[in-house]
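The values are calculated or read from the model by the stated rules, or taken from the named source; none is laboratory data. These numbers come from a predicted model, not from an experiment. Cβ placement follows ideal geometry from the backbone for every residue including glycine, while neighbour counts extend to all protein chains displayed.
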Amino acid sequence: MVKSGLFARWKAKKAQVITWYYKGRVGGGFTCWPDGLHAPPRQIKAPMWGRAVVVENELMYHTAEATGPAALRHPKGLALDSRLGADPAGDGWQITTGDEVIQHIPADEMRFLLHWGADIFMDYHELKVALDHSDDLTHEQVFDIFIADLHARGERFTMPTDPIRHPDFVNVLTRVYDPGKPSIYPPEPVEAALAP
């Protein structure tokens, strides 16, 4: 969750709805840290058929768990042009690379996810400003905000002429604003405990 307030001019809310269809019991869940990376996470665990959340993922740390048994996660022969489709031999799915079927996936181990979003405005004026871009930040304004914040934090640095591409300045931004890793991260699901 962004709490620094560096870009307080951004007003519209970016709401997303995520809906899952997954009958499996290994992985496939959703983990998020709505109160920041150092607070306990919240989870939606599988199975999750027709479950949904309304979230603001652009401002909230989140991750999806890997889905299904580990043996099904990395099929040999998977390529950028591989395709997923219905398995004509049953009610499951299959992955093909070219003309070769490289993996069959049981229907219960396939996670289907729908994700859509919306911009939510408080009034017509906010909508108009967003559509006509009259309040967009320029690169110069963004770096003025960063520079003021870095100085307020007591950071010492040399401002380059091209801050977007200067590795030393990028390293300063990364060091100062990197939130680190979650303090609490749930363990991977244990497959053996879920076996029949």
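Among the residues making up region 54-69, those that are among the aliphatic types (A, V, I, L, M) and either surrounded by 12 or more Cβ atoms within 10 Å (Cβ to Cβ) or part of a loop (DSSP other than H, G, I, E, B) (or both) are Val55, Leu59, Met60, Ala64, Ala66.
Is it the case, given these coordinates, that Ser82 is outside the structural domain of Thr63 (by TED's automatic domain parsing), among the hydroxyl-bearing types (Ser, Thr, Tyr) and surrounded by fewer than 15 Cβ atoms within 10 Å (Cβ to Cβ)? Here the answer is no, as Ser82 does not meet what is asked.
One line per residue, one yes/no per condition, for (1) out of contact with any Lys or Arg (no Cβ under 7 Å at 6 or more places or on another chain); (2) acidic (Asp, Glu); (3) closer than 30 Å to Cys32 by Cα:
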{"residue": "Asp99", "(1), (2), (3)": "yes, yes, no"}
{"residue": "Thr161", "(1), (2), (3)": "yes, no, no"}
{"residue": "His166", "(1), (2), (3)": "yes, no, no"}
{"residue": "Ser183", "(1), (2), (3)": "yes, no, yes"}
{"residue": "Pro187", "(1), (2), (3)": "yes, no, yes"}
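Does at least one position in region 109-130 carry a residue that is farther than 22 Å from Glu56 by Cα, touching a residue at least 12 places away in the same chain (Cβ under 8 Å) and surrounded by 12 or more Cβ atoms within 10 Å (Cβ to Cβ)? Within region 109-130, one or more residues are farther than 22 Å from Glu56 by Cα, touching a residue at least 12 places away in the same chain (Cβ under 8 Å) and surrounded by 12 or more Cβ atoms within 10 Å (Cβ to Cβ). So which residues in region 53-106 are at pLDDT 85 or above and of a type in the set (Asp, Glu)? Result: Glu65, Asp81, Asp87, Asp91, Asp99, Glu100.
Looking at region 32-53 only, could you name the residues that are under 20 Å from Asp178 (Cβ atoms) and assigned to a strand (DSSP E or B)? Across region 32-53, the qualifying residues are Cys32, Trp33.
Pairs linking a residue in region 44-57 that is within 10 Å of Lys23 (Cα to Cα) to a residue that is charged (D, E, K, R) and modelled with pLDDT under 90, with Cβ atoms under 7 Å and 6 or more positions apart or on different chains, are Ala46/Arg25; Pro47/Arg25. For Pro182, the criteria (1) modelled with pLDDT of 90 or more; (2) in the same structural domain as His62 (by TED's automatic domain parsing); (3) within 25 Å of Val17 (Cα to Cα) hold in every case but one, which is (2).
For region 154-178, the set of residues classified as within 29 Å of the chain's Cα centre (by Cα) and of a type in the set (Lys, Arg) consists of Arg165, Arg175, listed by residue number.
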